[in-house]
1. Exactly one of (1) within 16 Å of the ligand (Cβ to nearest atom); (2) over 21 Å from Glu67 (Cα atoms) is unmet by Val139. Its number?
2. Within segment 398-409, does at least one residue satisfy the condition of being within 16 Å of the ligand (Cβ to nearest atom) and out of contact with any helix residue (DSSP H, G or I) (no Cβ under 6 Å at 6 or more places or on another chain)?
3. Ser385 - would you say it is open to solvent by 10 Å² or more (accessible area, probe 1.4 Å) and either under 30 Å from Gly130 (Cβ atoms) or charged (D, E, K, R) (or both)?
4. Keeping to segment 64-95, report how many residues are part of a loop (DSSP other than H, G, I, E, B) and either more than 11 Å from the ligand (Cβ to nearest atom) or free of Cβ contacts under 8 Å to residues at least 40 places away in the same chain (or both).
5. Kindly indicate whether Leu219 is buried (at least 21 other Cβ atoms within 10 Å of the Cβ) and closer than 18 Å to Ile307 by Cα.
6. One residue is enough: does segment 193-216 have a residue meeting the conditions among the acidic types (Asp, Glu), part of a loop (DSSP other than H, G, I, E, B) and modelled with pLDDT of 95 or more?
7. Determine the pairs where a residue that is assigned to a helix (DSSP H, G or I), located within segment 250-261, has a partner that is of a type in the set (Gly, Ala, Ser) with Cβ atoms under 8 Å apart, the partner being 6 or more residues away or on another chain.
8. Which condition does Arg53 not pass, out of (1) open to solvent by 60 Å² or more (accessible area, probe 1.4 Å); (2) at pLDDT 95 or above; (3) among the charged types (D, E, K, R), if it passes all the others?
Amino acid sequence: MSTPRAAARIMQRLEALAALTSDPPRLTRVFLSEEHRRANELVAGWMGEAGMRARVDAIGNITARVEGKARGLPALMLGSHLDTVRDAGRFDGMLGVVTAIECAHHIGAGVLPFALEVVGFGDEEGVRFGSTLLGSRAVAGTLDPQVLEATDRDGISMASALRNFGLDPQRVAAAARRREELLAYVELHIEQGPVLERAGLPVGCVTSINGATRLLVRLQGMAGHAGTVPMSTRQDALVAAAEVILAVEQRCAQEQHLVGTVGRIEASPGAVNVIPGECSFTIDVRAPEDSRRHQAVADLRAAVAAISVRRAIQAEITVMHDSAAAPCAPWLMQQIDAAIAAQGVVPQRLPSGAGHDAMAMAAIADTGMIFVRCLGGISHNPAESITVEDAQAGFETLCRFVRHLDQARRPLSPGP
Ligand SMILES: [Zn+2]
């Protein structure tokens, strides 16, 4: 179906994108920056070589379209993001955009019974304005206009950053697409985890993007002299927190694909000779199904309450973040599996522990995701790496999926 030339070009283009950084030799490219503008120009050039006319939409995403057998058909949208975290790898996001362009190039215009669109979202990571998925949320029409007032660390608002980029902040809503215009959104992305590598598989099919709950727990005990207060009468907030942390680990280890993390903790007064009177920490819980996540969170709330009562501690829990899981559409998963199997690879299904643009796009389209194995599961790190063979496997999976996509298998009502 294709030659390894595709993968060679994909790797070359990723290298070219990696050179567009505000922070050499590290790779950092944030939303609406000069590097973002240059990345859009580079990608637009490649879209042109692939026979597509590129345009920058109202929020700075770069998009292009190939018509199918007739003009104006609903589009299968392929893509991912072009922004990075600070000191990033060169594959997260970019691999999906570059592979989609290669795919559109190979297939060409006037061939498919639907249109093909490629998008490079301008913001997924949320590094600059502290709010993630800005590009894809604008396309999905779910962007909160309030975010235009958010400022970066230099005090520049998103509205003025848009103006500096040559865009009109008043017109951001024009980036939104309608459900009828889209057949589906399919994103190829590096796994950012170790599952495919351990299974010895180059690619896999994502079942769902995990929903997440983030809690802030504040425990109030009683500070006291580390030398004089007997062990039996202490109200040590940090020891109570230690017990909660173990409860998080225990509860989340009970179920497959459920994960829980305490990533930040502070104790005060924080002195070597004082019993910690106060302690606050975060709990991050994720699962592919919302019901399982909600049950785990309820159990952890109960554990905090029980531990606090036993230790005479006051506990207060605040929900900092709660996002629903985004299940992939079964009709797309079946056809991604088929594209994987057709290459002689065992189709492996796996949930995504990380968020992706597909999460935002799920608001207006059925979504599917193809994961590509990455070295050691390492991501958000300059050591992020994939092999040229796996880039080829990703390309062939996506291309075969697009060529053979049977839209008759799409359910009449929109997917989950
Ligand atoms: Zn990403």
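The values are calculated or read from the model by the stated rules, or taken from the named source; none is laboratory data. The model shown is predicted, which means the values in this text are computed figures rather than measured ones. Heads up, the Cβs are rebuilt from the backbone with ideal geometry, glycines too, and the neighbour counts pull from every protein chain shown. In case anyone asks, the SASA skips ligands and DNA or RNA and just uses the protein heavy atoms, side chains included. Shrake-Rupley method; radii C 1.70, N 1.55, O 1.52, S 1.80 Å.
1. Answer for Val139: the failing condition is (2).
2. No; the residues of segment 398-409 include none that is within 16 Å of the ligand (Cβ to nearest atom) and out of contact with any helix residue (DSSP H, G or I) (no Cβ under 6 Å at 6 or more places or on another chain).
3. Details: open to solvent by 10 Å² or more (accessible area, probe 1.4 Å): yes; either under 30 Å from Gly130 (Cβ atoms) or charged (D, E, K, R) (or both): yes.
Yes.
4. Just the residues of segment 64-95 that are part of a loop (DSSP other than H, G, I, E, B), to begin with: 67-74, 82-93.
Pick out the ones that are also either more than 11 Å from the ligand (Cβ to nearest atom) or free of Cβ contacts under 8 Å to residues at least 40 places away in the same chain (or both) and you get 67-74, 86-87, 90.
So the count comes out to 11.
5. Values: buried (at least 21 other Cβ atoms within 10 Å of the Cβ): yes; closer than 18 Å to Ile307 by Cα: yes.
So Leu219 fits the description; yes.
6. Scanning segment 193-216, I find no residue that is among the acidic types (Asp, Glu), part of a loop (DSSP other than H, G, I, E, B) and modelled with pLDDT of 95 or more, so the answer is no.
7. Listed by first residue and then by second, the contacts come to Arg251/Gly260; Arg251/Ala296; Arg251/Ala303; Cys252/Gly260; Cys252/Ala296.
8. Of (1) open to solvent by 60 Å² or more (accessible area, probe 1.4 Å); (2) at pLDDT 95 or above; (3) among the charged types (D, E, K, R), only one is false for Arg53: (2).
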